[in-house]
C-alpha cells in the first residue's frame, strides 16, 4: 500500500507536463525542528501529474528527508488503512508533513487527523470539506475565475464584452465571482445558457455576435468530442479569442489558458517547509499568479487579435 519512492536527491521516473486538475491541501503536523522533514503524500488516485509534483518537491526541498507516496486508488478501504498509519505516526511524532491530492484523500486526512494544523490557502475558492474546523484550511491548484479573467483581459486589452456558454448549473455557482471580476476589469458579461446539445449551435452563434471573447468553463455538455471541432471552427473563423480551462484545448486551437507551474508550486511548498522547521510563519499565497503559466496558442492568437503580446505584467507567458 505504501511505497517509499525516493529519498531527497534521488530521481524517480515521471514528470508533469500539464496542470493538476485537483485540489491540493498541505497539512502541517506539530513538529520539532528536525534537520530533515518526514513527508507523506496521500493521493486519491495516482497520476503522472501527482508524481511530477512530488518529484519537484523533492528537487526543491532541501529540508525534506524521505518522501513517501500513498495511493488510495479511490478505495475507502485503502483510505482507512492509510489514515490508521498516519495517526500512528502522528502519535509517535514520526511525521512532519502530509500533502493530500484530490477531494477523496483530502476529506479522509482532514476528517481524521484532528490535531493537524493546515498552514495556508492558495486562493479563496476553497474546496468544501465536511467537519472542517479552524485548523483545516486548503489551497486549490486551479486558477480562480478572477485570475482567469485578469489574464484574458491582459491578453486582449481591447475586449469589452466577455461571454460564457454553459449549462445554468455550471455557471450559477460562479456567477457572482464572474460579475465582480468582470466589473473590476471594465468588462460586461453575457451568459448563454444551454440545456441540450441542440442549444449549442444557436447559443454559440449568438455569443460570437454579441461578445469580444469567450471564456469556457468545464462543462461536458458544451465541450466534448462531438462539439469541440465545431466550436473551434466557428470561433476561429470569426476571429473570437477563447480562454480555455485546459492546456489540451489550447493545443487543439483555443487561444489561451492558465496552467499550474509545478516547479513554482514545489518551490513554494519547499519554502513553507523550511519556514515551519525554522519556526517562521510560512506563506504560500503571496503572489498566487506566480504559481501559474499563461499558455497561448500563437497561431490562434494572431488570427483573433493580430499581434502577440510577448509580455504581460506578473505572468509568465508560454507560446505554443
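List of remarks:
- Tally, over the stretch 209-234, of residues that are surrounded by fewer than 21 Cβ atoms within 10 Å (Cβ to Cβ), in contact (Cβ under 8 Å) with a residue 24 or more places away in the chain, closer than 24 Å to residue 157 by Cβ and touching a helix residue (DSSP H, G or I) at 6+ places or on another chain (Cβ under 8 Å): 2
- Residue satisfying all of: in the stretch 63-93; outside any helix (DSSP H, G or I) and in contact with a helix residue (DSSP H, G or I) (Cβ under 7 Å, 6 or more places away or on another chain); surrounded by the fewest Cβ atoms within 10 Å (Cβ to Cβ) among these: 74
Taken together, the values in this text are just the output of simple stated rules run on the coordinates, not laboratory data. In this text the structure is predicted, and so the values were computed from the model without any measurement. All Cβ positions, glycine included, derive from the backbone under ideal geometry; neighbour counts span all protein chains shown.
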